[in-house]
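The values are calculated or read from the model by the stated rules, or taken from the named source; none is laboratory data. It should be emphasised that the depicted structure is a prediction, and the values quoted were computed from it without experimental measurement. FYI the Cβ positions are ideal-geometry reconstructions off the backbone, even for glycines, and counts take in every protein chain you see.
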2 protein chains.
Amino acid sequence: MNPRVVILGCGFGGLFAARALARAPVEVTVVDRTNHHLFQPLLYQVATAGLAAPAIAEPIRRTLARQKNATTLYGEAQRVDVAARQVVLENGDTLAYDRLILATGAADSYFGHDEWRAHAPGLKTLEDAFRIRERILLAFEHAEREPDPVKRAPWLTFVVIGAGATGVEMAGMVAEISRHTLKGEFRRFDPRNARVVLVEGMERVLPPYAPDLSERARVQLERMGVTVWLGRQVTGIDAQGVQLGGDRLEAKTVVWCAGVAASPLGATLGTPLGRGGRVIAEPDLSVPGHPEIQVVGDLALLPDHQPPVPGVAPAAKQMGRHAARNIIATLAGRPTRPFRYRDYGQLATIGRSSAVAMFGKVHIWGWLAWVAWLTAHIYFLIGFRNRLVVLIDWAWAYWTFERAARVVDRGARPPESHG
Amino acid sequence: MNPRVVILGCGFGGLFAARALARAPVEVTVVDRTNHHLFQPLLYQVATAGLAAPAIAEPIRRTLARQKNATTLYGEAQRVDVAARQVVLENGDTLAYDRLILATGAADSYFGHDEWRAHAPGLKTLEDAFRIRERILLAFEHAEREPDPVKRAPWLTFVVIGAGATGVEMAGMVAEISRHTLKGEFRRFDPRNARVVLVEGMERVLPPYAPDLSERARVQLERMGVTVWLGRQVTGIDAQGVQLGGDRLEAKTVVWCAGVAASPLGATLGTPLGRGGRVIAEPDLSVPGHPEIQVVGDLALLPDHQPPVPGVAPAAKQMGRHAARNIIATLAGRPTRPFRYRDYGQLATIGRSSAVAMFGKVHIWGWLAWVAWLTAHIYFLIGFRNRLVVLIDWAWAYWTFERAARVVDRGARPPESHG
């Protein structure tokens with residue numbers, strides 16, 4: 001029997017590792033707790049009703065159907081038993097491995113304030129995206145039910161916490177929905193007066209970008225109707241709003257885009273963890289003392305890699321592929337190679353015809369950056385059909401300001417039900 | 001101030017009533033417990049992963065945005081206070097009316113066995129469709145996790161109860177998924193061996209159709225791999241399967257398409273109810289003793305109408321439009337007119353290139369009927385964009401056997417959790 005390679009998690013890291021093993025003499029088993037690979041860079045589009053979920057989610061089983069050495073298992077790993085070389089699944093089933101790739105990524109971190117989670121959902125999974133979409137759309141519905149303008153205001157205040165790429169995209173989209181999509185649909189208020197506040201603890205938006213692009217992004221956000229609050233620390237979140245030291249924002253809808261923590265699975269290895277609970281890896285992505293285990297994507301921390309590897313999709317893909325190649329090498333008796341991240345540039349969109357991009361020293365913004373962003377994202381969406389549907393949805397949205405997925409499946413509940 | 005017309009429910013009946021009032025000197029308020037009008041005839045496509053939800057659901061607010069005399073309210077009516085002429089909403093808010101149109105439709109009925117609901121969900125709302133889609137897709141996932149073929153069999157057995165149009169469509173689609181869509185994606189079993197059983201209490205499928213078409217539909221179903229059990233009464237449903245007198249089907253996935261009951265709102269009028277809890281209406285759709293209240297769609301029972309009005313979308317549309325015209329007539333001091341259903345034909349699809357249709361005495365089947373079905377359904381889907389996306393999804397599905405929406409948003413749970 002060929003060596004058994006188990007891959008935990010089928011995000012970009014896990015999927016690219018599995019594919020890179022397609023012709024290797026191994027038995028691959030991919031375990032994921034959902035049935036789909038998610039194109040996470042566009043998840044904010046589902047959360048803001050621009051795309052239907054299936055447009056950015058592809059069944060893992062379909063993607064790997066023709067890869068005859070790969071088995072897909074729907075399940076959630078609870079822990080890794082490094083001594084017995086097996087993975088324990090959610091129902092106690094075990095899965096033995098000869099080589100293991102950990103690619104379970106990251107989850108939201110509330111910096112020790114887990115009680116904020118209920119009031120300010122993060123955006124990591126489709127389930128998160130549906131929850132945020134529901135809250136945004138229903139906030140406007142509740143506002144239409146509310147005759148008292150003072151009580152209505154918190155329903156029409158949207159706070160996005162954290163001005164990284166996701167936070168900037170979310171804030172821009174909510175502004176676009178209120179300014180354009182919903183125009184003329186309400187009788188008691190004008191949705192264009194909705195307030196969208198983007199709160200960031202650092203002194204500029206998009207901190208990983210060059211300062212000139214941060215400033216351009218801020219200006220574009222303000223022009224779209226987003227109020228940008230920089231250098232402000234959130235000190236409390238409850239059902240009625242956000243506390244920032246002595247200041248308070250009364251808001252029924254708060255989205256958390258501020259912090260990530262590594263998947264808790266990493267801690268079960270028993271090896272040293274770094275910032276955010278990430279697994280400290282050797283330069284070749286293996287885990288110290290366990291050459292049979294490799295860690296990729298957001299879960300991995302490479303302390304010696306300069307500059308640090310960013311937590312973005314291209315990095316996870318490159319690490320996944322690299323881990324697979326190292327496995328092939330060791331099975332053939334060859335040495336492993338250290339991982340080196342190749343930076344092909346960074347792109348962040350802000351809204352309609354507006355984005356910033358950084359390709360090494362070349363900085364672009366506005367319409368040109370937006371076209372680059374659009375091209376890159378459609379190109380990288382896996383599967384021809386998805387790309388086509390996404391293109392149609394976007395072309396339609398661009399011309400009409402409409403959103404394709406303004407659907408809330410749940411029935412009406414009293415406004416108190418979600419705070 | 002113009003007379004206030006309140007419409008409860010925005011299915012086909014409510015929506016067509018609201019639109020027919022667009023130029024009338026009235027204030028229209030449409031109340032629905034979801035934010036969308038649902039194209040229910042294609043709901044089975046969402047439940048079987050063929051279409052994404054937004055393709056068949058249109059925000060009511062968007063549909064009515066340009067109708068300046070219409071207000072959309074997201075809410076659920078709890079009861080009608082006929083004496084005070086007001087509707088009481090879910091949070092106690094009241095809504096006064098001068099004219100009321102009740103269009104809240106029907107829900108599933110388990111014939112007094114409400115304990116079956118948890119094991120055999122029905123198909124009325126998007127939430128229902130997501131639940132069924134999740135169960136069907138996850139059944140195959142659990143089967144792949146199960147090493148014991150005996151324990152695996154119930155995961156690969158799908159029972160559809162009730163062989164009306166929805167039951168026939170569901171059974172045909174599940175067979176197509178297992179025979180074609182999932183082919184080659186599993187390592188432990190061949191999904192083509194999945195068992196799909198359609199159970200019907202009467203002696204033929206599609207009872208409202210002519211007997212020759214019922215027989216053609218049965219033959220087409222069997223050819224697609226569906227086992228059709230006729231004249232069989234369900235006597236029990238539990239987490240492990242279905243009991244039919246002395247016989248038992250061990251099945252983890254059961255779908256209920258067997259019975260409907262009227263929305264409970266009708267009972268709050270205090271007027272006589274007919275079969276299935278429907279409100280007995282006068283020939284002009286008004287409620288006995290309450291000319292200011294009209295009832296349309298699945299909630300209405302017209303005892304004198306021969307043949308009986310079927311519970312289909314065209315009937316609800318016609319009734320909605322008729323109720324609106326009667327309101328316009330009474331406001332102008334003209335008499336109301338009795339409702340008369342116009343039957344333009346009935347269509348039911350079975351699967352790939354297969355359907356039956358009845359236009360008066362003309363009966364067609366097979367490919368020709370399927371094209372008629374496809375044309376009619378795309379034509380009637382509201383909104384240009386939806387039609388286009390649906391067409392693309394279907395054209396793609398037809399050529400590739402793929403399904404566009406094979407997404408389950410929830411994380412893995414032990415198999416016991418649903419069943």
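From the list A:LEU38, A:LEU43, pick out the single residue that is of a type outside the set (Ser, Thr, Tyr), touching a residue at least 40 places away in the same chain (Cβ under 8 Å) and within 11 Å of chain B (Cβ to nearest Cβ).
Answer to the check: A:LEU38.
Which of the residues that make up region B:199-228 are more than 16 Å from B:ALA355 (Cβ to Cβ) and buried (at least 23 other Cβ atoms within 10 Å of the Cβ)? First the steps, then the outcome.
So the first thing to find is which residues in region B:199-228 are more than 16 Å from B:ALA355 (Cβ to Cβ), and the list is B:199-204, B:207, B:211, B:225, B:227-228.
B:VAL199, B:GLU200, listed by residue number.
Please work out which residue is nearest to A:LEU95 (Cα to Cα), limiting yourself to region B:142-160 and to residues that are within 11 Å of chain A (Cβ to nearest Cβ) and crowded, with 21+ Cβ neighbours inside 10 Å.
Of everything passing the filter in region B:142-160, B:GLU144 is nearest to A:LEU95 (Cα to Cα).
Can you report the number of residues in region A:93-112 which are at pLDDT below 95 and over 30 Å from A:ALA52 (Cβ atoms)?
3
Go through (1) surrounded by 22 or more Cβ atoms within 10 Å (Cβ to Cβ); (2) assigned to a strand (DSSP E or B); (3) within 14 Å of chain A (Cβ to nearest Cβ) one by one and return the number of the condition B:PRO54 breaks.
(2)
To keep it simple, each residue is scored yes or no on (1) in contact with a Cys (Cβ under 7 Å, 6 or more places away or on another chain); (2) of a type in the set (Val, Ile, Thr); (3) over 21 Å from B:GLY259 (Cβ atoms); (4) at pLDDT 95 or above.
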{"site": "B:ILE177", "(1), (2), (3), (4)": "no, yes, yes, no"}
{"site": "B:ALA194", "(1), (2), (3), (4)": "no, no, yes, yes"}
{"site": "B:VAL197", "(1), (2), (3), (4)": "no, yes, no, yes"}
{"site": "B:ARG204", "(1), (2), (3), (4)": "no, no, no, yes"}
{"site": "B:TYR209", "(1), (2), (3), (4)": "no, no, no, no"}
{"site": "B:VAL219", "(1), (2), (3), (4)": "no, yes, yes, yes"}
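Return a yes/no flag: does region B:282-297 have any residue that is under 30 Å from B:THR48 (Cα atoms), in contact (Cβ under 8 Å) with a residue 24 or more places away in the chain and either surrounded by fewer than 19 Cβ atoms within 10 Å (Cβ to Cβ) or outside the structural domain of B:PRO207 (by TED's automatic domain parsing) (or both). Break it down stepwise before answering.
From region B:282-297, those under 30 Å from B:THR48 (Cα atoms) are B:296-297; that's our starting set.
Those still in the list that are in contact (Cβ under 8 Å) with a residue 24 or more places away in the chain too: B:296-297.
Restricting the remaining residues to those that are either surrounded by fewer than 19 Cβ atoms within 10 Å (Cβ to Cβ) or outside the structural domain of B:PRO207 (by TED's automatic domain parsing) (or both) gives B:296-297.
Yes, the conditions are met somewhere in region B:282-297.
Among residues belonging to region B:186-226 that are in contact with a Leu (Cβ under 8 Å, 6 or more places away or on another chain) and of a type in the set (Asp, Glu), point out the one that is nearest to the other protein chains (Cβ to nearest Cβ).
Here the answer is B:GLU200.
Would you pick out the residues in region B:237-258 that are in contact with a helix residue (DSSP H, G or I) (Cβ under 8 Å, 6 or more places away or on another chain) and not acidic (Asp, Glu)?
Step one: of region B:237-258, the residues in contact with a helix residue (DSSP H, G or I) (Cβ under 8 Å, 6 or more places away or on another chain) are B:237, B:240-241, B:250-253, B:255-258.
Of everything in region B:237-258, those that are in contact with a helix residue (DSSP H, G or I) (Cβ under 8 Å, 6 or more places away or on another chain) and not acidic (Asp, Glu) turn out to be B:ILE237, B:GLN240, B:GLY241, B:ALA251, B:LYS252, B:THR253, B:VAL255, B:TRP256, B:CYS257, B:ALA258.
Would you tally the residues in region B:257-281 being surrounded by fewer than 16 Cβ atoms within 10 Å (Cβ to Cβ), touching a residue at least 24 places away in the same chain (Cβ under 8 Å) and part of a loop (DSSP other than H, G, I, E, B)?
Count: 2.
Which residues, counting only those in region A:57-77, are among the β-branched types (Val, Ile, Thr) and either in a strand (DSSP E or B) or in the same structural domain as A:PRO264 (by TED's automatic domain parsing) (or both)?
Listed by number, the residues that qualify are A:THR71, A:THR72.
Residues in region B:344-364 that are crowded, with 18+ Cβ neighbours inside 10 Å and closer than 19 Å to B:PRO314 by Cα: how many?
Here the count works out to 8.
For the subset of region A:79-103 comprising residues that are among the β-branched types (Val, Ile, Thr) and in contact with a Ser or Thr (Cβ under 9 Å, 6 or more places away or on another chain), which member is farthest from A:THR34 (Cα to Cα)?
Filtering region A:79-103 for residues that are among the β-branched types (Val, Ile, Thr) and in contact with a Ser or Thr (Cβ under 9 Å, 6 or more places away or on another chain), the one farthest from A:THR34 (Cα to Cα) comes out as A:VAL82.
Here is a yes/no grid of residues against (1) more than 28 Å from A:GLY112 (Cα to Cα); (2) of a type in the set (Val, Ile, Thr); (3) part of a loop (DSSP other than H, G, I, E, B):
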| residue | (1), (2), (3) |
| --- | --- |
| A:VAL255 | no, yes, no |
| A:PRO283 | yes, no, yes |
| A:ASP298 | no, no, no |
| A:GLN306 | yes, no, yes |
| A:VAL309 | no, yes, yes |
| A:HIS322 | yes, no, no |
| A:PRO335 | yes, no, yes |
| A:ILE350 | yes, yes, no |
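Criterion first (of a type in the set (Gly, Ala, Ser) and either assigned to a loop (DSSP other than H, G, I, E, B) or within 14 Å of the chain's Cα centre (by Cα) (or both)) does B:GLY14 satisfy it?
For B:GLY14, the condition - of a type in the set (Gly, Ala, Ser) and either assigned to a loop (DSSP other than H, G, I, E, B) or within 14 Å of the chain's Cα centre (by Cα) (or both) - is not met.
Could you please give the count of residues in region B:334-350 that are among the β-branched types (Val, Ile, Thr) and at pLDDT 95 or above?
1
Consider region B:35-44. How many of its residues are touching a strand residue (DSSP E or B) at 6+ places or on another chain (Cβ under 8 Å) and more than 13 Å from B:ARG62 (Cβ to Cβ)?
2
When you scan region B:3-16, do you find a residue that is more than 14 Å from chain A (Cβ to nearest Cβ), of a type in the set (Gly, Ala, Ser) and under 16 Å from B:GLN318 (Cα atoms), even just one?
Within region B:3-16 (the criterion being more than 14 Å from chain A (Cβ to nearest Cβ), of a type in the set (Gly, Ala, Ser) and under 16 Å from B:GLN318 (Cα atoms)), the answer is yes, since at least one residue qualifies.
Restricting to region A:70-107, count the residues that are aliphatic (A, V, I, L, M) and within 14 Å of chain B (Cβ to nearest Cβ).
Adding up the residues that qualify gives 9.
Within region B:229-239, track down each residue that is of a type outside the set (Gly, Ala, Ser) and surrounded by 14 or more Cβ atoms within 10 Å (Cβ to Cβ).
Passing the criteria: B:TRP229, B:LEU230, B:ARG232, B:VAL234, B:ILE237, B:ASP238.
Within 30 Å of B:GLU76 (Cβ to Cβ) and β-branched (Val, Ile, Thr): which single residue out of B:VAL254, B:VAL159 fits that description? Give the steps one after another, and end with the answer.
On the way: B:VAL159 fails: within 30 Å of B:GLU76 (Cβ to Cβ).
Every option except B:VAL254 fails the conditions.
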